[in-house]
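In what follows, a single structure is set out as structure tokens and then discussed.
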Amino acid sequence: MLHKETYPINFGLKAGTSATYQIEQQISYTVDGYGYHNEIKTEVQLSVEKKSDTNNLFSIRILKQWQLKNNGTDEVDLSMAQLRKELKIETDIQGNIQQVTNLAQIKEEWLKIRPGLAKKYANDAKNKELINGAVLTLYTDDGLKKAVRSSYLYHALLPGLLRQRFSKSNNYSVGGYREIRNAFGNTSLPFKTTVTLADYNGELDSCTIKIDGEIDRENFDQNSVTEMFSHLLDIYNLDGRVDGFHLESYEYDKNSLPVQSSQLTQYAIEGVLMYRSSCILTPLNN
């Protein structure tokens, strides 16, 4: 039971600390009768490279990855996996992702794998277009940073909740925001969130934080979504209203590293679309 006036979430992030996790993602959607489902299991190592009074530097190494689907877009994603093998990510003091610092090395790796991919997809115009679109993120200002920020996998590790202070006067809650980029083509789905301290153990220096989100109607381009599906399905006067929710939960240990985390986003257009994405992080024995 929480009873103190304030609870600061600052247990002592230390350079040299690391942990290994499994992150399990499930993505499902149906659009006008077409169904898609994929499961991805990734083993990652999160390490604190540097820590200062103003920012932190983390490395995130992909150790293993398995996924249910290996064709189409998912095949292209696997072909590009080498570029994600290790990212060096700088955050602010709260753990919010600021930049990927080893972008130059990632570009060098792209130049190494490009000839093989060019040969593999020489007669596949669709997949070549997908690859070109993915590589564009490396050469667009802040392109990779935006992609990493929107990734459920990297958000599971670095959700930006460090140095937060929860006060009794606000029911141990603060306001937040989460945007699901490209939820509908180029249109993002924004959620206003409530971030709540659910549990705090002063003896173990651990805590649990829960996040509830609802669609931010004022900043959501509902008209463009309705227009897109009206055109796609050739339905005049389509009711394209989007309803949905977003949930997150995080447990931190004494090292300010996640012990458990989960994310769930679900949204739908009645009779047209149903989308569900979940992401669960659990620790592995080091």
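What to note about this one:
- Dipole axis of segment 6-283 (+1 Lys, Arg; -1 Asp, Glu on Cβ), positive-most option in Met228, Thr194, Asn123: Asn123
- DSSP-assigned coil residues among trypsin sites (Lys or Arg not before Pro) in segment 140-206, each with at most 15 further Cβ atoms within 10 Å: Arg163
- Inter-label distance, Arg181 to Thr282: 3.0 nm, where each label sits 7 Å from its Cα along the C-beta direction.
- Partners for Lys145 among aspartates and glutamates (Cα-Cα distance below 15 Å; same-chain residues under 8 apart left out): Glu86, Glu90, Asp92, Glu179
- Mean-position separation - Cα centroids, segment 71-101 and segment 1-22, in angstrom: 24 Å
- Zone residues, segment 199-237, relative to Leu247, backbone N less than 11 Å from point 7 Å out along Cα-to-Cβ: 211-213
- Taken as Cα centroids, segment 102-165 and segment 198-246 sit 25 Å apart, rounded to the nearest whole angstrom.
- Dipole magnitude of the chain, debye to nearest 20 (Cβ charges: Lys/Arg +1, Asp/Glu -1, about Cα centre): 980 debye
- Farthest toward positive dipole pole in segment 6-283 [+1 Lys/Arg, -1 Asp/Glu at C-beta], among Leu138, Ser169, Asn38: Leu138
- Simple spin-label estimate for Thr208 and Ala118 in nanometres, 7 Å along Cα-Cβ: 5.4 nm
All of the numbers you see were taken from the coordinates with simple rules; none came from a lab. Please read all numbers here as calculations on a predicted model, not as lab measurements. Methodologically, a virtual Cβ is constructed for each residue, glycine included, from the backbone with ideal geometry; neighbour enumeration extends over all protein chains shown.
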